[in-house]
Amino acid sequence: MKIRRMVLGPVETNCYIFCDEARGEAAVIDPAADHRSIIRAAEEAGCEIVKIILTHGHYDHIGGLRGLLDECKRAELYAHTKGAQVLGNMGISLCCEIGRKKETFVPDVTVSDGDVIPFGGSGFEVIYTPGHTIDSMCLKFENVVFCGDTVFRFSIGRTDLPTGDFNQEIKSIKTKILVLDDSTQLCPGHGEATTVGEERRYNPYLRD
């Protein structure tokens, strides 16, 4: 299994590409932009993109989504059950802003807290973490959590956008993320990776 991070788009969003070379399949978390670069990365590993998973539906995490869906015929789009509300409303996804693609989407598969999206002989465990948006979720793969814009290194995702809720976000992080082992790696939607232990000790938003 190869995992590659690509930093894409105008606000440097992290896109993660999982390549299961044994099966020749790839899964993409948050196709931020430049779908051709994402496809090329998968092809270089000899893999075909079969799953696209969104941590949430904001414009900067879906910039390359249309291109992937058009060109990757086997790819299915996974989002939280509340994702349809975000992906189908440009005022919430923020695709309505000037200079952005005016797009809406409908997930092929919706998931809920505790579900497992199978991939590579194991899968992504869904951890529902509303707060940044109503559809925000994290994805646990072995000892790594891909946490979108829920928590960043020594910070948290903003909550002043549509469907954001600061108190809910803090609750989500404390009850769903900080309960994990300190060694658990956190890979956010922007910026560098961190760990549960580091955030417990040094994140100013999470101190009691």
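The values are calculated or read from the model by the stated rules, or taken from the named source; none is laboratory data. This is a predicted model, so every value here is computed, not measured. Neighbour counts are summed over all protein chains in view; Cβ atoms, including those assigned to glycine, are modelled from backbone coordinates with ideal geometry. Ligands, DNA and RNA are excluded from the accessible area calculation, which covers all protein heavy atoms including side chains. Shrake-Rupley method; radii C 1.70, N 1.55, O 1.52, S 1.80 Å.
Summary table
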read-out: From phi via Karplus (6.51, -1.76, 1.60), per-residue ³J(HN,Hα) for the stretch 203-208 in Hz, x at Gly/Pro; value: 6, x, 7, 10, 7, 6
read-out: Cβ-placed point charges (K, R +1; D, E -1), dipole of the stretch 41-97 about Cα centre in debye, nearest 20; value: 280 debye
read-out: Per-residue SASA entry for Val11, accessible area with 1.4 Å probe, Å² rounded to 10; value: 60 Å²
read-out: At R0 = 45 Å, FRET efficiency that the Cβ-Cβ distance of Asp208 and Met1 yields, to 0.05; value: 0.75
read-out: Theoretical ellipticity at 222 nm over the chain - DSSP helices of four or more residues, -39500 (n - 2.57) apiece, nearest 500; value: -4500 deg cm²/dmol
read-out: Long-range amide H partners of Thr13 with built H, under 5 Å; value: Leu8
read-out: Amide proton proximity set for Gly148, modelled H, under 5 Å, gap of 5+; value: Gly189
read-out: Most to least accessible of Met1, Met6 (protein chains only, probe 1.4 Å); value: Met1, Met6
read-out: Directionally averaged shadow of the stretch 1-66, computed from the convex hull of its alpha-carbon atoms, nm²; value: 3.8 nm²
read-out: Violating pairs (Cα-Cα greater than 32 angstrom) within the set Lys73/Lys176; Lys73/Lys171; Lys101/Lys140; Lys51/Lys171; value: Lys73/Lys176; Lys73/Lys171
read-out: Long-range amide H partners of Glu25 with built H, under 5 Å; value: Asp20, Glu48
read-out: Listed residues Ala26, Ala45, Ala75, most fluctuating in the chain (Gaussian network, C-alpha, under 10 Å); value: Ala45
read-out: Karplus-derived HN-Hα couplings along the stretch 75-83 (A = 6.51, B = -1.76, C = 1.60, θ = phi - 60°), whole Hz, x at Gly and Pro; value: 6, 10, 9, 10, 8, 5, 4, 8, x
read-out: Three-way shape label, the stretch 47-127, alpha-carbon gyration tensor, a/c 1.5; value: oblate
read-out: Relative contact order computed over the stretch 60-208 (Cα-Cα under 8 Å; 6+ residues apart), in percent; value: 17 percent
read-out: Cα-only radius of gyration and Dmax that characterise the stretch 88-188, units Å; value: 14.6, 42
read-out: Alpha-carbon centroid distance for the pair the stretch 58-90 / the stretch 13-54, whole angstrom; value: 14 Å
read-out: Computed E for Arg40/Val144 - FRET, C-beta separation, R0 35 angstrom, nearest 0.05; value: 0.90
read-out: In order through the stretch 32-46: 3J(HN,Hα) via Karplus (6.51 cos²θ - 1.76 cosθ + 1.60), integer Hz, x for Gly, Pro; value: 5, 5, 6, 4, 5, 5, 5, 4, 4, 4, 5, 5, 4, 8, x
read-out: Equivalent-ellipsoid semi-axes of the chain, from the Cα gyration tensor, Å, largest first; value: 25, 21, 15
